[in-house]
Amino acid sequence: MIEKRSIVGSIQLMRYISTRGGGAPQPFLKILLEGLAPDGGLYVPEKYPQLSPQELETMRRMSYPELAYVILSKFADGIPPADLRKIIFDTYTKEIFGSDNIVPLKKLEAGLYLLDLSEGPTLAFKDIALQFLGRAFEYALAQSGERLNILGATSGDTGSAAEYAMRGRVGVRVFMLSPLGRMSDFQRKQMYTLPDENIFNIAIRGTFDDCQDVVKQVNRDSEFKKRYKLGAVNSINWARIASQVVYYFWGYFRATSSNVERVSYAVPTGNFGDILAGHVARCMGLPIKQLILATNENNVLEEFFSSGGGSASGGKTGGVYRPRKGGEVAVTSSPSMDISKASNFERYVFDLILRDRSRMQELWGNLQTKGAFDISGSPDFSRISETGIIAGSSTHAERLNTIRSIWEKYDVLIDPHTADGVTTGLKHREADVPLICLETALPTKFANTIREAIGRDPDLPVHFKSLVTLPERFEVYDADAELIKKYITAHV
């Protein structure tokens, strides 16, 4: 579907363009610090690098840091190789992630796997990318002599992972918006108890979508963004996506014995970043058959993918993307996915429409003025099957049943978001195609749901037991971009 270029075995410049079509192509270090493009779009590579069968075979034998270096060097070519290698090898260590494997692959039964992505400092998969991003930011700022003010939004795990990665970093301040009362107690405690002077937590009266909207509104003020050097750690930052591409390759190599085999991935996703990384890996040449998108009751993405060609949703008519308004967003037992406006979906649609900028402006114009866009019945929609993405969702009862079943059958405890993925993945599992389910967080972060599922609390790591006694430090604001700009101005 997408034109690709090979950069295997050679050094070529990677440049990034906006999904909205504005501005000149930019180098990696520029888009690393900038986050959103000036025209409001998201940066994507001009073309995805494509890996040869020979390089895939070589990569199969690599350690996780070695694999990360090979893949990230194709996207971050603005960083000298020796410096990039040091950043990566300082990031993916046993001390930070608990084992030399970094991301262990757990075999539940023949052809069914769980990719353990939550072994990092905040017990969530976001650590994989954000630990790299923290070091990359610090490196880039040291080169430029600048400072960076990060403005982000979180539905739970991104905030804590970002703050733990950025705490104490030279030249970096973090302003993190989160929805008041819509995170688990553990997620809230992880964020709000950090005492570091460069960390600022702002609880927003509203939903995650409201938080995300404020971030985008502030970023659209180009003068303010430039004056206060705003950057992003959400998955709107391309470096986040590139870092997550790595574990798709890692899981594939551990679940297969040769590169002629194909696997499918079950991916819980709210903001579309995790599954977008799988889409990129597939475009680069990784033999992925299906990317099974799993949502909860906030199933805007499932609705879009529901159709004959690329769907797992019983032949419903899809092609309509209609984010919900704040009051329509359900509060669920998988709160990090209580999202209706999936920011990274824009990058996927850009590929789906063959990077037609005028078409992109039309669709996002409709989204802005009408609250939705519709590509059903169009050639654009028919290409979904080429991308390998199908979608489904689960209910609270199904998540509880899956948590209980996996616990009883395999003696493995999973969190409710991972349960979304396992539930949907098993519904669409194919014989003779290995299924890898992506873990999103450790169950200890969602004790209430785990207790409801199996009748007892999950184990709490010793070094987190003191969280409940620590004082919380945060401010409460309405979802008002002007108020947030005033807050940033007062604290830089």
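The values are calculated or read from the model by the stated rules, or taken from the named source; none is laboratory data. Since the model is a prediction, treat every value here as computed from it, not as a measurement. Because the Cβ atoms are built from the backbone with ideal geometry, glycine has one as well, and the counts that use them run over all protein chains shown.
Do we have Ile88 as of a type in the set (A, V, I, L, M, F, W, C), over 15 Å from Asn237 (Cα atoms), part of a helix (DSSP H, G or I) and within 20 Å of the chain's Cα centre (by Cα) here? Considered against the rule, which asks whether it is of a type in the set (A, V, I, L, M, F, W, C), over 15 Å from Asn237 (Cα atoms), part of a helix (DSSP H, G or I) and within 20 Å of the chain's Cα centre (by Cα), Ile88 comes out as yes. Note on region 326-343: residues that are surrounded by fewer than 23 Cβ atoms within 10 Å (Cβ to Cβ) and more than 15 Å from the chain's Cα centre (by Cα) amount to 6.
Residues of region 204-213 that are within 21 Å of the chain's Cα centre (by Cα) and either more than 22 Å from Thr332 (Cβ to Cβ) or not in a helix (DSSP H, G or I) (or both): Thr207 alone. Filter region 124-141 for residues that are of a type in the set (A, V, I, L, M) and surrounded by 24 or more Cβ atoms within 10 Å (Cβ to Cβ) and give the result. Passing the criteria: Ala124, Ile128, Ala129, Leu130, Leu133, Ala136. Whenever a residue of region 206-233 is in contact (Cβ under 8 Å) with a residue 60 or more places away in the chain, its partners that are assigned to a helix (DSSP H, G or I) and of a type in the set (Phe, Trp, Tyr), lying with C-beta atoms within less than 9 angstrom and at least six residues away or across chains, give the pairs Val218/Phe224; Leu230/Phe224; Gly231/Phe137; Val233/Phe137. Within region 225-272, being modelled with pLDDT under 90, closer than 18 Å to Thr91 by Cβ and in contact with a strand residue (DSSP E or B) (Cβ under 9 Å, 6 or more places away or on another chain) holds for one residue alone: Val233. Taking first residues from region 182-200 that are without any contact (Cβ under 8 Å) to a residue 24 or more places away in the chain and under 18 Å from Asp457 (Cα atoms) and partners that are crowded, with 22+ Cβ neighbours inside 10 Å and of a type outside the set (Ser, Thr, Tyr), no Cβ contact under 8 Å between residues at least 6 apart in sequence or on separate chains turns up. Taking first residues from region 25-46 that are part of a loop (DSSP other than H, G, I, E, B) and partners that are among the basic types (Lys, Arg) and modelled with pLDDT under 90, the Cβ contacts under 6 Å between residues at least 6 apart in sequence or on separate chains come to Gly40/Arg220. Could you tell me which residue of region 344-391 is surrounded by the most Cβ atoms within 10 Å (Cβ to Cβ), considering only residues that are within 24 Å of Tyr265 (Cβ to Cβ) and of a type in the set (Ser, Thr, Tyr)? The selected residue is Tyr348. Looking at region 96-107, can you tell me whether even one residue there is under 17 Å from the mean Cα position of the chain (by Cα) and either closer than 27 Å to Asp338 by Cα or crowded, with 22+ Cβ neighbours inside 10 Å (or both)? Within region 96-107 (the criterion being under 17 Å from the mean Cα position of the chain (by Cα) and either closer than 27 Å to Asp338 by Cα or crowded, with 22+ Cβ neighbours inside 10 Å (or both)), the answer is yes, since at least one residue qualifies. For Met59, the conditions (1) closer than 19 Å to Ala136 by Cβ; (2) modelled with pLDDT of 95 or more; (3) buried (at least 17 other Cβ atoms within 10 Å of the Cβ) all hold with the exception of (1).
The residues on offer are Arg188, Arg173, and the sole one that is modelled with pLDDT of 90 or more, basic (Lys, Arg), out of contact with any Leu (no Cβ under 6 Å at 6 or more places or on another chain) and outside any strand (DSSP E or B) is Arg188.
Residue count for region 144-153, restricted to those that are modelled with pLDDT under 90 and either closer than 22 Å to Leu117 by Cα or assigned to a helix (DSSP H, G or I) (or both): 1.
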